[in-house]
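Before any comments, here is the structure.
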Amino acid sequence: MAGSTTRQANKPSAPIAATYSLDRVADAFAELEHLRTEATKGARVMVETVSFRNKEVEIAAHLHLPENFSEDKKYPALVGIHPAGGVKEQTIGHYAKRLAEHGFVTVVYDSSYQGASGGEPRLLEDPTIRVEDARCAADFLTALPFVDSDRMGVFGICAGGGYAISAAQTERRFKAVATVSAAPMGEGSRGFLGHLSPVAEQIGTLEMVAQQRTAEAGGAQPLYAPFVPETLEEINESTPDLLREGYDYYRTPRGQHPNAKGRFLLTSMDKMFAFSAFDQIPELLTQPLLLIAGSKADTKVFSDQAYELSKGPKELFVVDGATHIALYDVPEYVDQAIPKMAEFFTIL
């Protein structure tokens, strides 16, 4: 049976800022329409609209429940973390639905300051807060009577994979961690596809961010940077596959969603530079780790790095022929990734 209901936790005591309220109304209608559409597709899971909080920020989330769900039972549970610039209705939601079909209660959400979640300034990409969002999602799951809090795992796609690894290093409630096309935001921002940028270039970027922060403190309008090309004209022969396919997923009907703006606040860059997702893998990531990457993915280098750094139980599962974005939604490849993840998470 498929359907949608509403479950809310930690209801905010104060309204969200008026500057955001009109956006939330539009987002709410878009989300409702999405849920109605999903309910007609014959899905075998039920999707609930839920919310929880990361300090003062209300987090908009979807809770995917297994077929024949019963509140009288105890289920293993998963937290899913979306890519940078993405939202819960896109690839992370598809994976959540499929994993729920395998018996896992799965929560996915829009990160703080993004999508239908609250928080100002909008489109802030703060890795530390992104990791805390995952902790708060774990808090939410542990409060549900049908969740076995001793059987929780975390997974993420693209930047969400990097955040999942980072969170698991210090969040011991996550007993296992899986990633798909992992791309650590800190390491990725200080270079490109595993190649570290010269220090002078990194400092130049930080100087630019510093100037923009000063300008905004004086009343200037915020600046935004795209995660993927915003127009087809920006793509040429030298455009990496990651960005080329990113445009096709995020900027066309293939995967675009009105809440996924595909850009971030420029002043997020200093926070990205200060963050490392992989720095404590050798010492603190002792939970089982599954890394899924496409053989043709230009980000596979990050899964290779994480695999080499991990000293605990680990597996690198390479999907032959898949690129980074192909693992988001191409059935030929997703149909290999999902059973592998479901099998992996049976250890919970």
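The values are calculated or read from the model by the stated rules, or taken from the named source; none is laboratory data. All figures in this text were calculated on a predicted structure; none of them were measured in a lab. Don't worry about glycine lacking a Cβ; one is built from the backbone with ideal geometry, like all the others, and counts go over all protein chains shown. Note: accessible area is taken over every heavy atom of the protein model, side chains too, but ligands, DNA and RNA are not part of it. Shrake-Rupley method; radii C 1.70, N 1.55, O 1.52, S 1.80 Å.
Looking at (1) within 22 Å of the chain's Cα centre (by Cα); (2) modelled with pLDDT under 95, which is the one condition that is false for GLN287?
The number of the failed condition is (2).
Tell me, which helices (runs of 4 or more DSSP H) wholly within the range 224-310 include 1 or more residues that are aromatic (Phe, Trp, Tyr) and more than 26 Å from GLN90 (Cα to Cα)? First the steps, then the outcome.
Details: elements: 241-250, 269-273, 281-284, 300-309.
Output list reads 269-273, 300-309.
Can you confirm whether ARG172 is farther than 17 Å from LEU289 by Cβ, at pLDDT 95 or above, of a type in the set (Lys, Arg) and open to solvent by 40 Å² or more (accessible area, probe 1.4 Å)?
Values: farther than 17 Å from LEU289 by Cβ: no; at pLDDT 95 or above: yes; of a type in the set (Lys, Arg): yes; open to solvent by 40 Å² or more (accessible area, probe 1.4 Å): yes.
Taking the combined requirement at face value, the residue does not satisfy it.
Would you please list the contacts, defined by Cβ atoms under 7 Å and residues six or more apart or on different chains, that run from a residue in the range 83-109 that is in contact (Cβ under 8 Å) with a residue 40 or more places away in the chain and basic (Lys, Arg) to a residue that is open to solvent by less than 10 Å² (accessible area, probe 1.4 Å) and part of a helix (DSSP H, G or I)?
Partner pairs satisfying both residue conditions: ARG98/ILE338.
State all residues of the range 316-326 that are of a type outside the set (Val, Ile, Thr) and either under 21 Å from the mean Cα position of the chain (by Cα) or under 15 Å from LYS175 (Cα atoms) (or both); if no residue qualifies, say none.
Let us first name the residues in the range 316-326 that are of a type outside the set (Val, Ile, Thr), namely 316-317, 320-322, 324, 326.
Result: LEU316, PHE317, ALA322, HIS324, ALA326.
(1) at pLDDT below 95; (2) in contact with a strand residue (DSSP E or B) (Cβ under 8 Å, 6 or more places away or on another chain): which one isn't true of ALA200, the others all being true?
Failing condition for ALA200: (2).
Considering the range 115-154 alone, what residues qualify as being polar (S, T, N, Q) and surrounded by fewer than 24 Cβ atoms within 10 Å (Cβ to Cβ)? Break it down stepwise before answering.
Of the range 115-154, the ones polar (S, T, N, Q) are 117, 128, 142, 149.
Selection gives THR128, THR142, SER149.
I'd like to verify a number: residues in the range 273-330 that are hydrophobic (A, V, I, L, M, F, W, C), in contact (Cβ under 8 Å) with a residue 40 or more places away in the chain and surrounded by 18 or more Cβ atoms within 10 Å (Cβ to Cβ), how many? Don't jump to the end; show me each part of the working.
We begin by selecting, within the range 273-330, every residue hydrophobic (A, V, I, L, M, F, W, C); these are 273-275, 277-278, 281, 284-285, 289-293, 297, 301-302, 306, 309, 316-319, 322, 325-327, 330.
Applying the additional criterion that residues be in contact (Cβ under 8 Å) with a residue 40 or more places away in the chain yields 273-275, 277-278, 281, 284-285, 289-293, 297, 301-302, 306, 325-327.
Narrowing the set further to residues that are surrounded by 18 or more Cβ atoms within 10 Å (Cβ to Cβ) leaves 273, 275, 277-278, 281, 285, 289-293, 297, 302, 306, 325-327.
Of the residues in the range 273-330, 17 are hydrophobic (A, V, I, L, M, F, W, C), in contact (Cβ under 8 Å) with a residue 40 or more places away in the chain and surrounded by 18 or more Cβ atoms within 10 Å (Cβ to Cβ).
Can you name the strands (runs of 3 or more DSSP E) wholly within the range 1-115 that have at least 3 residues being of a type in the set (D, E, K, R) and at pLDDT 95 or above? Before you say what the answer is, go through the steps one by one.
Numbers: elements: 3-8, 46-54, 57-65, 75-81, 105-109.
Strands (runs of 3 or more DSSP E) meeting the threshold: none at all.
So, SER238, is that one free of Cβ contacts under 8 Å to residues at least 24 places away in the same chain and either small (Gly, Ala, Ser) or open to solvent by less than 60 Å² (accessible area, probe 1.4 Å) (or both) or not?
Details: free of Cβ contacts under 8 Å to residues at least 24 places away in the same chain: yes; either small (Gly, Ala, Ser) or open to solvent by less than 60 Å² (accessible area, probe 1.4 Å) (or both): yes.
Judged against the criteria, SER238 is a match.
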